[in-house]
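**Q** Just passing along the structure, written as structure tokens.
Just so you know, all these numbers are worked out from the coordinates, no wet-lab data involved. Predicted model only: the values in this text are computed from it and were never measured. Cβ: placed from backbone, ideal geometry, glycine included. Neighbour counts: every protein chain shown.
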There are 2 protein chains.
Amino acid sequence: MAGTTHEHQHQVDFAALCRAHGIPCTDQRRVVWDFFAQHAQGHTIPDAVTALAPQGIGRATIYRTVELFERLHLLTSVRDTGEKVRYVAVCPGHAHTLICRSCHQVVEFEDCDLALLEKLLSERTGFAIAGHHLEVYGTCPQCAAGRA
Amino acid sequence: MAGTTHEHQHQVDFAALCRAHGIPCTDQRRVVWDFFAQHAQGHTIPDAVTALAPQGIGRATIYRTVELFERLHLLTSVRDTGEKVRYVAVCPGHAHTLICRSCHQVVEFEDCDLALLEKLLSERTGFAIAGHHLEVYGTCPQCAAGRA
DNA sequence: CGCCATATTGAGACAATGTATCAGAAAAGC
DNA sequence: GCTTTTCTGATACATTGTCTCAATATGGCG
């Protein structure tokens, strides 16, 4: 594959990512990562199979890799009512997603003060709270302006 | 099917539910509804097929019915990292779920003050916020006590 | 740099899940 | 009850997901 500065940047970043997570850095994983990371709206796994299998990436590898990335919190899954599960690259430090129901772009945001809510829930139910998953849905300005 | 008071209660409730949503009340829909409503931890669609097909409910009907119920907000879907999508009956007035990662029981809760967060996000991103989906994960007291 | 131990990969067979169609059956409204 | 409309089940089919194993690439080390 061509070696533009931009792609090289990706390679370097991804290699570092793998080292940081203690996994071997393979070409296939980089391709899968790039595929999901380059689209803000995320993709389904079948999307990835359709796009990457012709490039010689096996189906099994795609499934294994997405599962791995999800376990490592490099990808996260998003799913609105009636939709299929899509996977979106996780920006480190950003835990939550704001999703356009029209174009599916995913904007991540950081600040959400649910600590108080979690404390309250814990007291009321006896649950040991481990974490939460928050998705906010709406329409982005572009789609609202009629572009979609 | 037998007509105990409890089951009759279900029938009455479900018929009313259908009338309220303007859909025909069929035996199949009642069976599917009961199947999901009677288990706090929810079920996958394949679960339902396995359980209900031998009772003479067709696969296609189960898929159609779950899709319908989800659109009417009678069922809602839940999915933690690495899990399959499960469907849980929605308690009217309760919008959010607290889920045990060990036994998958789903506890619903009402109060969450995200209005402020939504306002902030709207101002910062220009999105028209339509709603949100919040799942809190943890371990329930029973599982923490070693039951699972 | 080149070897070795280990982990990953791709192919392909297979299993499970999801979808479309259409004739027959049941529900709702008179 | 009778008609219209909607739903249902069976079937065939398409898609998605899983498994296994030999071949290959990776990372570590001398």
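**Q** Of all residues being over 23 Å from B:I23 (Cα atoms) and of a type outside the set (A, V, I, L, M) in the range B:45-65, which is nearest to DNA strand C (Cβ to nearest atom)? Just the residue, please. Even if it seems obvious, please write down each step before you answer.
**A** Initial filter on the range B:45-65 (over 23 Å from B:I23 (Cα atoms)): B:46-47, B:50-51, B:54.
From what is left, the residues that are of a type outside the set (A, V, I, L, M) are B:46-47, B:50, B:54.
Details: B:P46: 4, B:D47: 8, B:T50: 7, B:P54: 14 Å.
Checked the range B:45-65; the qualifying residue nearest to DNA strand C (Cβ to nearest atom) is B:P46.
**Q** Quick test for you: out of A:E83, A:E118, A:E108, pick the one residue that is free of Cβ contacts under 8 Å to residues at least 24 places away in the same chain, touching a strand residue (DSSP E or B) at 6+ places or on another chain (Cβ under 7 Å) and more than 18 Å from B:D113 (Cβ to Cβ).
**A** A:E108
**Q** Being more than 14 Å from chain B (Cβ to nearest Cβ) and away from DNA strand C (no atom under 14 Å from the Cβ) is the filter here, so list the residues in the range A:28-40 that pass it. Give the derivation first.
**A** First, the residues of the range A:28-40 that are more than 14 Å from chain B (Cβ to nearest Cβ): A:28-39.
Listed by number, the residues that qualify are A:F36, A:A37, A:Q38, A:H39.
**Q** So, in the range A:60-80, how many residues would count as being among the polar types (S, T, N, Q), under 15 Å from B:D80 (Cα atoms) and not in a strand (DSSP E or B)? Before you say what the answer is, go through the steps one by one.
**A** Kept after step one, since they are among the polar types (S, T, N, Q), are these residues of the range A:60-80: A:61, A:65, A:76-77.
From what's left, under 15 Å from B:D80 (Cα atoms): A:76-77.
Next, from what is left, pick out any that are not in a strand (DSSP E or B): none.
Total meeting the criteria: 0.
**Q** When only residues in the range B:90-141 that are small (G, A, S) and assigned to a loop (DSSP other than H, G, I, E, B) count, which is surrounded by the fewest Cβ atoms within 10 Å (Cβ to Cβ)?
**A** Filtering the range B:90-141 for residues small (G, A, S) gives B:93, B:95, B:102, B:115, B:122, B:126, B:128, B:130-131, B:138.
Next, from what is left, pick out any that are assigned to a loop (DSSP other than H, G, I, E, B): B:93, B:95, B:102, B:126.
On the way: B:G93: 7, B:A95: 18, B:S102: 14, B:G126: 14.
Of everything passing the filter in the range B:90-141, B:G93 is surrounded by the fewest Cβ atoms within 10 Å (Cβ to Cβ).
**Q** While we're here: Restrict the check to the range B:101-120 and report whether at least one residue is more than 14 Å from DNA strand C (Cβ to nearest atom) and β-branched (V, I, T).
**A** Yes, that holds for at least one residue.
**Q** Taking into account only those residues within the range A:53-83 that are of a type in the set (D, E, K, R), surrounded by 13 or more Cβ atoms within 10 Å (Cβ to Cβ) and within 11 Å of another protein chain (Cβ to nearest Cβ), which is farthest from DNA strand D (Cβ to nearest atom)?
**A** Top of the filtered list is A:D80.
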